[in-house]
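Here is the structure we will look at, set down as structure tokens.
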Amino acid sequence: MKASWLPLLGWMTGSAFFFYAWLLRVSPSVMVEELMRDFAVGGAILGNLSALYFFAYAGLQIPMGVLLDRFGPRRLMTVAALVCGGGALLFALADGVAAANIGRLLIGGGAACSFVGSLSIAARWFPPHRFALFAGITQMLGLAGGMVGQAPVGLAVAEVGWRATSAGMAGFGLLLAVAAWFLVPRRPAAAPRGEPAAAAALLAGLRAAMGRRQNWLAALVGMALAAPLPGFAALWGVPFLEAAYALPRATAALLTSLLFAGWGVGAVAMGWTSDRIGRRKAPLLAGIAVALAGSVVLVHVSDLPVPLVALLCFVVGFAGSAQILCFALVRESNALTDVGAALGLLNTMVMAGGVLYQPLIGGLLDRLWDGRLVAGAPVYAPQDFAVALSVMLVALAVGFVAAIGLRETYCRPLA
């Protein structure tokens, strides 16, 4: 195999890992009733269980970015894929919520290397002016995992149960680990681990990344644009559509999966268009505005025709995919030596949205709940969902204000 193909194959492996990470990330959304019944928990505890993925993922983004700058993605992605698959297996075998929590933490911890690992490969082995396109394709493949984690996984859960389905997903982690070891290219030899200069360089890169205002604004915008994914599509959208439109779970899961489809298609379109016109900020602002408007209608306008609900889910996802331009802005605003730390900072804030939105929405639902149970699981009214899901509307509005303060890079490195 020619060495010139290795960066492309390595980037594809990282993107496949991101597919897997999204598959595991959203799968609890089609297990809500079963998990609440089997573990005897309500919305807030289930929200926390699902959000533990985001706690681990977000908490490891900056360390992962720094380690990628130091050691490269090959070894880290191999170990991370094994951890991710092991966590999925533990979740499948859990006999109580404590073991399930540990499983979700391991899944999130392993998945923490997926997106930033793929972006690290793209940043080091491909031209800077193509970074947004490669990042967009990675996002598209990840969101394809989100789609598979909705309707197809929902059908599997209905057929064989959530435990067997989760166990079936666990084996993919081993395959990814093998692929990462053989297909991700090696970096040039790094300095010895104990060398003080190396540690000082890592800390200097991290300090430089955290000292740039542009990075923090991009991180806040990215966190805001993440709201419809973890808050709606990845957990609470399916029960909302079931309650508001009396839809069967498979249909509700199919509708929410359209948000992932829109995000995936939009990520490539946004990346390509931004690279083409040489602008980052204008398409980013437009995306936030459309995502906010579509979310308002989706959450607060009742009795919409189901085809219109489907269209809104797709549009909100398509517009929200403008988030990918935050990663391009950060890539262009930081030196290559500390871009991993900067991308880790951005992705920490993006994933912090999942830590915040899922349990916050679940907690609001519990406070609004009238005590009604069906088959041992709490049932929330459509108006309860409308109030709780307004969290993501507030987040998008804050993100729009933050985006105004971003500096345009014109698709060229500023550092």
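Every number in this text was worked out from the coordinates using simple rules, so none of it is lab data. Since the structure is predicted, the reported quantities are computational estimates derived from the model, not experimental observations. Here the Cβ is made from the backbone with ideal geometry for all residues, glycine too, and neighbour counts use every protein chain on show.
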* **Derived scalar couplings ³J(HN,Hα) [the stretch 363-374; Karplus, 6.51 cos²θ - 1.76 cosθ + 1.60; whole Hz; x for Gly, Pro]** => x, 5, 4, 4, 5, 8, 5, 8, x, 6, 10, 9
* By per-residue mean of other Cβ atoms within 10 Å, what is the highest-first order of 391-397, 172-178? -> 391-397, 172-178
* Asked: Between A167 and H129, what is the spin-label point distance in nm, taking each point 7 Å from the Cα along the Cα→C-beta axis?
  -> 5.4 nm
* Of the chain, which part is the longest with no trypsin sites (Lys or Arg not before Pro) in a loop (DSSP not H, G, I, E, B) and with at most 13 other C-beta atoms within 10 angstrom? -> 3-185
* In degrees from 0 to 90, rounded to the nearest 10, what is the angle of the helix 306-320 Cα long axis to the longest principal axis of the chain? -> 20 degrees
* To do: May I ask you to evaluate 6.51 cos²θ - 1.76 cosθ + 1.60, the Karplus curve with θ = phi - 60°, for each residue of the stretch 385-402 and list the ³J(HN,Hα) values in order in whole Hz, giving x for glycine and proline?
  => 5, 4, 5, 5, 6, 5, 3, 6, 5, 4, 4, 5, 5, 5, x, 4, 4, 5
* Which length gain, in nm to one decimal place, applies between V297 and F71 when the Cα-Cα distance is subtracted from 0.36 nm times their residue separation? -> 76.7 nm
* With Cα atoms, 0 to 90° folded angle of helix 281-300 axis to the chain main axis -> 10 degrees
* Structure fact -> Nearest 10, in degrees from 0 to 90: the angle of helix 43-71 to the longest Cα principal axis of the chain is 10 degrees
* To do: Can you tell me the FRET efficiency between A375 and L304 if r is taken as the Cβ-Cβ distance and R0 is 25 Å, rounded to the nearest 0.05?
  => 0.35
* To do: Could you go through the stretch 238-252 in sequence order and give the Karplus-derived ³J(HN,Hα) for each residue, using 6.51 cos²θ - 1.76 cosθ + 1.60 with θ = phi - 60°, rounded to whole Hz, and x for Gly and Pro?
  => 4, x, 4, 5, 4, 6, 7, 10, 6, 8, x, 4, 4, 5, 4
* Can you find, among G262, A341, L312, the residue farthest towards the positive end of the dipole of the stretch 256-362? Put +1 on the C-beta of Lys and Arg, -1 on that of Asp and Glu. => A341
* Asked: Under the rule of -39500 (n - 2.57) per DSSP H run of 4 or more residues, summed and divided by the residues of the chain, what mean residue ellipticity at 222 nm is obtained, to the nearest 500 deg cm²/dmol?
  -> -25500 deg cm²/dmol
* Answer with a single label: of (i) 18.8; (ii) 26.6; (iii) 21.5, which was calculated as mean projected area of the Cα convex hull in nm² from the structure in view? => (i)
* Asked: Considering the zone a paramagnetic label at T337 would reach in this model (a point 7 Å from Cα along the Cα-to-Cβ line), which residues of the stretch 372-415 have amide N under 19 Å from it?
  -> 413-415
* Asked: Relative contact order of the chain: what whole-number percent is it, with Cα pairs under 8 angstrom and at least 6 residues apart?
  -> 28 percent
* To do: Between L311 and I404, with labels modelled 7 Å along Cα→Cβ, what's the label distance in nm to one decimal, could you check?
  => 3.1 nm
